[in-house]
Amino acid sequence: MSSEYSNLLEPIKIGGHEVENRFAINAMEGNDADPEGNPTAKTYKRYENYFAGNSGLIDLEAITVTDENVSRKMQLSVLPKNEKPLTDFVKAMRKVNPKPLLVWQLTHSGELSNPEFSKRVCVKPLPGFGGEVLEEEDIDRIIDQFVLSAKIAHNCGADGVDFKNCHGYLDSQILRPYNDRDWKYGGPWEHRKRFTFEIYERIQKEINDPNFIIGSKVSMWEGFPGGQGTAGPNSPVIDLTESLDLVKGMEERGASFIIVSAGSPSLTLALTQPDKKVPDYIYLHFTFQKQVRDLLKKDTVVIGSGYSVLNNGHNNLQARKKEENTFLYWGEENIKNGITDMVALGRQSYADPAIPVKLQEQREKEIKWCTACDHCVEFLIFQKNIGCATYDKDYVKLYQEMKKNGETLRAKRT
Ligand SMILES: Cc1cc2nc3c(=O)[nH]c(=O)nc-3n(C[C@H](O)[C@H](O)[C@H](O)COP(=O)(O)O)c2cc1C
């Protein structure tokens, strides 16, 4: 083993499991499921690459607990009809590499459901989004859907679930101070956190398998007035009191990992995914990671996000020295200094998910670094299959076709 990256390559315990290194594949939608929400050959190919790359943990992209309210046209779903195909999928991945832990990110899109092919619903209409307002019995039913989906994930052989608490999806919508409607799931913080905690308690009780881990990806601060981690329904000011109480409460209810994130990409994209224009947002991610790491018990694993822009130093980050603006530098530093326990890679995973195995085999020079071109974001916005438009020839071609058809963000703006 290369001693140069001894922190990144050190094993760690998550729940009752030990994983080989400190890398995670962040949840990354591929928008390439079949009409029933089952994995296709394209989905298989992406995950086979992830498993071959040997990250300690792989977070299966946002998989919907309902097919009534979805944000992607070709989104994976976890309903009874999907159980057999998803079981086959897990078996196939374990054959590629049995070592990584596999968790599934359970989601409901709420107001981010796409009205072109789905039903938009919300807890309080947000300008620019809106949707049919959900009542208490609707949320009670959605809780049942999450619990059922967690049971299906368990039956299919997943190691656990990441109950999605981030990026403006339904749970963010319920948790954020903007949800100041006075009802069972809104108004005071005690009401807004009820949805998450009830789902945690029910999953623990009804699955009751100590090997099945539970955790969440959390937007600590959504970055707009009334978003998660703000001081009130009209305030953009950072106040982490609720976000920290949320992660602590999830830990008390059995969370063995927390994936720290920020932003709400449909409103504050550069915050969730620091880009070449604003790479310094990564320092805000480090700050949030440290706050969570300092608060939680030592054996609750903190996983940081947002690192892809660092790549091999081709960014405009304000660093003291050139050597201090790379991913490998900050990955090592942050683990060594107790900022985070693991690092999850998002866009980098489309470019090259094999960093762990390449470091383990001293093949660092072969790493294909994410260029943060963010064409993957454009694939997502235009409802295309998603992959790397820098290194994967199929997606390079797809992006060229989109350019020809005027389906790019630049064409949309002009
Ligand atoms: C195309 C695309 C799809 C994404 N899909 C998901 C998802 O399914 N769930 C999620 O929590 N985050 C999703 N994200 C956000 C990433 O997981 C990650 O938090 C973000 O990109 C920052 O990490 P990075 O700098 O390593 O890319 C997505 C991001 C992109 C660009």
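The values are calculated or read from the model by the stated rules, or taken from the named source; none is laboratory data. Here the structure is a predicted model, which is why all the values come from computation and not from measurement. Using ideal geometry, Cβ is built from the backbone for each residue, glycine included, and neighbour counts are taken over all protein chains shown. With ligands, DNA and RNA removed, areas are computed over all heavy atoms of the protein, side chains included. Shrake-Rupley method; radii C 1.70, N 1.55, O 1.52, S 1.80 Å.
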Practice task
Any lysines with Cα under 16 Å of the LYS81 Cα? List them, leaving off those in the same chain fewer than 8 positions away.
Solution key: LYS151
Handout entry: Over the range 1-124, volume per residue of the alpha carbon convex hull, in Å³
Key = 135
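For the pairs LYS13/LYS298; LYS276/LYS397; LYS91/LYS384, note any where the Cα-Cα span goes beyond 20 Å.
Long pairs (Cα-Cα over 20 Å): LYS276/LYS397; LYS91/LYS384.
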Practice task
Could you give me the radius of gyration and the Dmax of the range 226-265, taking only the C-alpha atoms into account and expressing both in angstrom?
Solution key: 11.4, 33
Exercise for the section: Please report, in Å, the Rg and the Dmax of the range 284-414, where both are computed over Cα atoms only. Expected result: 17.0, 52
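Compute the Kirkwood hydrodynamic radius of the range 37-89, taking the inverse of the mean of 1/r over all pairs of distinct Cα atoms, and give it in Å to one decimal. Mind showing how you got there, number by number?
Numbers: mean 1/r = 0.0831 Å⁻¹.
It is 12.0 Å.
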Exercise for the section: Search the structure for amide H atoms under 5 Å from the amide H of CYS122, placed 1.01 Å from N in the peptide plane, and list their residues when 5 or more places away or on another chain. Expected result: GLU132, VAL133, LEU134
Practice task
Report ³J(HN,Hα) in whole Hz for each residue of the range 116-126, in order, from the Karplus equation J = 6.51 cos²θ - 1.76 cosθ + 1.60 where θ = phi - 60°; Gly and Pro get x.
Solution key: 5, 9, 8, 9, 7, 10, 8, 9, 7, x, 9
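With an 8 Å Cα cut-off and a minimum separation of 6 or more residues, compute the relative contact order for the range 112-163 in percent. Mind showing how you got there, number by number?
Values: 32 pairs, mean separation 9.6, N = 52.
The normalised contact order for the range 112-163 reaches 18 percent.
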Problem - Spatial separation of Cα centroids for the range 196-256 and the range 395-410, in angstrom - result: 37
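Peptides 326-332, 38-44: what's the order by average Cβ count within 10 Å, highest mean first?
On the way: 326-332: 20.9, 38-44: 17.1.
Those peptides, ordered most packed to least, come out 326-332, 38-44.
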Problem - Solvent exposure of the chain as accessible area per residue, Å², 1.4 Å probe - result: 40
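For the chain, which whole-number percentage of the solvent-accessible area (1.4 Å probe, protein heavy atoms only) is attributable to carbon and sulfur atoms?
For the chain, the apolar C and S fraction of the accessible surface comes to 51 percent.
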Exercise for the section: Using only Cα atoms, locate the centre of the range 375-393 and the centre of the range 354-373, then give the distance between them in Å, rounded to an integer. Expected result: 20
Practice task
Could you tell me, in Å, what Rg and Dmax come out for the Cα atoms of the range 373-414?
Solution key: 9.3, 28
Exercise for the section: Would you mind estimating how fast the range 67-165 diffuses translationally, via Stokes-Einstein at 20 °C and 1.002 mPa s with the Kirkwood radius over Cα pairs, in µm²/s? Expected result: 145
Practice task
Could you tell me the distance between the Cα centroids of the range 18-57 and the range 123-170, to the nearest Å?
Solution key: 21
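With Kirkwood's inverse mean 1/r over C-alpha pairs for Rh, give me the Rg to Rh ratio of the chain, two decimals please. Numbers along the way, then the final one.
Values: Rg = 19.8 Å, Rh = 21.2 Å.
So for the chain, dividing Rg by the Kirkwood Rh gives 0.93.
Just add up the charged neighbours of TRP183: K/R +1, D/E -1, any other residue whose Cβ is under 9 Å from the Cβ of TRP183. Before the final figure, lay out each step's value.
Numbers: positive: ARG181, LYS184; negative: GLU135, GLU136, ASP182.
Here the charged neighbours net out to -1.
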